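Read the structure below first, then the notes.
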Amino acid sequence: MPIIKVENLVKRFGSITAANNISFNVEEGTIFGFLGPNSAGKTTTISILCTLLGPTSGNALVNGYDCTKESSSVRKSIGIVFQDTTLDKDLTAEENLLFHAYLYNVEKAERRKRVDDVLKLVDLFNRKDDLVKKFSGGMKRRLEVARGLIHRPKVLFLDEPTLGLDPQSRLNLWEFITALPEKYGVTIFMTTHYMDEAEVCDNIAIIDNGNIIAMNSPEELKKVIGGDVIYLKTRDNAKAKDEIKSMLDIDASTRDGELFISAVRGDTCIPELIRTLGDSVLSVRLQRPTLNDVFLKLTGKAIREEGGADTDTIKAEVRAYRRRHE
Amino acid sequence: MEFNAIYVIVAREFKKFVRERSRLVSAIARPLVWLFLVGAGMSRLVPPVGGVSYMQFIFPGILGMTILFSSMFSSISIIWDKEFGFMKEILVAPVSRLTIVVGKALSGSIVSTLQAVIVLLLFPLLGLKLGATDIIGAVIICVLVSFSVSAFGIVIATFYESYESFSAIMNFIIMPMFFLSGAMYPVKLLPEALRFAAKLNPLTYGVDALKYVISPLAHGAMSPDFSIVTDLAVIVVLSVIFVFAGTKAFERRG
Ligand SMILES: Nc1ncnc2c1ncn2[C@@H]1O[C@H](COP(=O)(O)OP(=O)(O)O)[C@@H](O)[C@H]1O
Ligand SMILES: [Mg+2]
């Protein structure tokens, strides 16, 4: 029996339909990802599953309990890391965790031990007496994940857990999160709008404008692209382009000083290209299709990386600006 | 109700209160300013009535003020918790909404009773003679009033999502509640309309009940306005209503 079962879920806010008749199941012990751009309806769905919002219509069951009618049993079964931090910054790390342990009625004999255990798990044991306001974004996230595990939930919800973190912290957090199902038997339900992060999921639902537009494992989803992408750099791209067209009958296009070729089998296409172009080839890159390409194909638009302009985007913009003006 | 949850909600409030020195200082300074600056100044204008000096007359009101401010601040910190997200941690936990409201109301009660007791212990400076039973009686009344005002504050807090509304609450709820509580002038001397408003104010009955304990022999204008039974009954009934209303508001889901 699936641990999360959602049937024909609808949630409207006035004229906005945040969840439009969505259905899906999540199997116990797996990592399930909800992937979609901002405003797709990810947080709304999580809020319904964790009993903070009531659905307009439809059913949601978590751990066999109805999210509307048996909210208390659902609440006992879940842990959650919200999109925006919900720690008390004026309490210490340990106090935040103890608060949680009391709130979830963890037995007296167990409380301290569990708090210490999760603190060690997320590598914050030696910072337990520090006020949370002194913590970095990554530390706060880790602390929140730790807190969500104290009462041994069956399902851990993570709403954009890496939002606003630097790449290194993101990597660390994922390493830690992906180990949880095996360690604790917990099922993970996560949302993200970073396509690359969804790769760690066993199954993914792609959601756009409140609709689930595709659902499968990452590998299966990428098969819809039907091929690979090859990037090629040569001494003379224009000349190479003509040669590829005349000898191999493949259309190449130019992007950022590289030739871009889409091919059904990239691995066999590369040797042909090199044979054709000889030593004018400077570099070759074979790219497997990404979930980003999947999203692009399904919706006709790239996922928007809105919000917190990260340094990479800024750098890219600066470079683009210079190219235009120099 | 879940007692571990109530305990930890109260413990959090208490811990933060102790940690935040400025809150404690201003909580104690405010009543002292009113008592010794406003009260002492007004004493020059208002002669003693029925054996009660003006300073003695406003002492219950000053205790009420201490309770009003600190209970209301404690309860509307819920708005703060909503804005900074911590409220979600509480709301998603497997505890009944009644537990949350009672826990919050008790947090406010304990913190403000503590402050009221500190102010109460200044009674010898005003020439008051209170025995142990009077003090115990006053503390019990303070606990009841604090609970009632805290519960009222919770109901208010459920209407707001952002702390920007703080000054509106201060100007349009807290200050009128103070001035229309019989703290600074007897309710019986107010014009009809204001007297009506005062009768709707939970704090009025708290201040009135304290008058019975602080100056039991007062008669005339400065004597209490209602019977002590009325005072206590209204405080208890209002507490129950506020807790119920707060619980209902918390049970609402979007
Ligand atoms: N409380 C609310 N009131 C009105 N509209 C809302 C509310 N919560 C979310 N929405 C709207 O519902 C849509 C989905 O939002 P959300 O679930 O937060 O998306 P995501 O988490 O995928 O970014 C958005 O258009 C958002 O503006
Ligand atoms: Mg969201």
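Overview of results
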{"item": "Volume per residue of the C-alpha convex hull in segment B:97-136, rounded to whole Å³", "result": "63 Å³"}
{"item": "Partner chain coverage, peptide B:82-89 - average Cβ within 10 angstrom", "result": "6"}
{"item": "Helix B:3-19 vs. chain B, principal-axis angle (Cα, 0 to 90°, nearest 10)", "result": "60 degrees"}
{"item": "Residues with amide H under 5 Å from that of A:D208, placed H, sequence gap 5 or more", "result": "A:I213"}
{"item": "Gaussian network model of chain B, springs between alpha carbon atoms under 10 Å - residue of B:M72, B:M87, B:M177 with greatest fluctuation", "result": "B:M87"}
{"item": "Evaluated at q = 0.28 Å⁻¹: base-10 log I(q)/I(0), Debye formula over Cα of segment A:133-192", "result": "-1.33"}
{"item": "Isotropic mean projected area of the C-alpha convex hull, the protein assembly as shown (nm²)", "result": "35.5 nm²"}
{"item": "Three-way shape call for segment A:227-287 based on the alpha-carbon gyration tensor, with the a/c threshold at 1.5", "result": "rounded"}
{"item": "Where Rh is the Kirkwood radius over Cα pairs, Rg/Rh for segment B:60-127", "result": "1.14"}
{"item": "Percentage relative contact order, segment A:4-222, counting C-alpha pairs under 8 Å, at least six apart", "result": "30 percent"}
{"item": "Theoretical ellipticity at 222 nm over the protein assembly as shown - DSSP helices of four or more residues, -39500 (n - 2.57) apiece, nearest 500", "result": "-16500 deg cm²/dmol"}
{"item": "Inter-site label distance for B:S162 and B:R44 at 7 Å from Cα along Cβ, in nm", "result": "4.5 nm"}
{"item": "Whole-Å semi-axes of segment A:56-169's equivalent ellipsoid (Cα gyration tensor)", "result": "26, 18, 11"}
{"item": "Once the Cα gyration tensor of segment A:1-69 is diagonalised, semi-axes √(5λ) in Å", "result": "19, 14, 9"}
{"item": "Tilt relative to chain B, helix B:54-83 - C-alpha long axis, 0 to 90 degrees, to 10", "result": "10 degrees"}
{"item": "Angle between chain A longest axis and helix A:237-248 axis [Cα atoms, degrees, rounded to 10]", "result": "80 degrees"}
{"item": "Rg and Dmax [Cα atoms of chain B; Å; Rg one decimal, Dmax integer]", "result": "18.1, 58"}
{"item": "Chain A: C-alpha pair distances exceeding 26 Å, %", "result": "57 percent"}
{"item": "Pairs of Cα atoms farther than 15 Å apart, segment A:96-154, %", "result": "43 percent"}
{"item": "Rg over Rh, two decimals, segment A:131-239 (C-alpha only, Kirkwood Rh)", "result": "1.10"}
{"item": "Of the trypsin sites (Lys or Arg not before Pro) in segment A:1-83, those whose Cβ has at most 14 other Cβ within 10 Å and which sit in DSSP loop", "result": "A:K69"}
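We did not get these values from a lab; they are worked out from the coordinates using the rules stated. All values reported here derive from a predicted model rather than from experimental measurement. Positions of Cβ are generated from backbone atoms using ideal geometry, with glycine treated the same way; all protein chains shown enter the neighbour counts.
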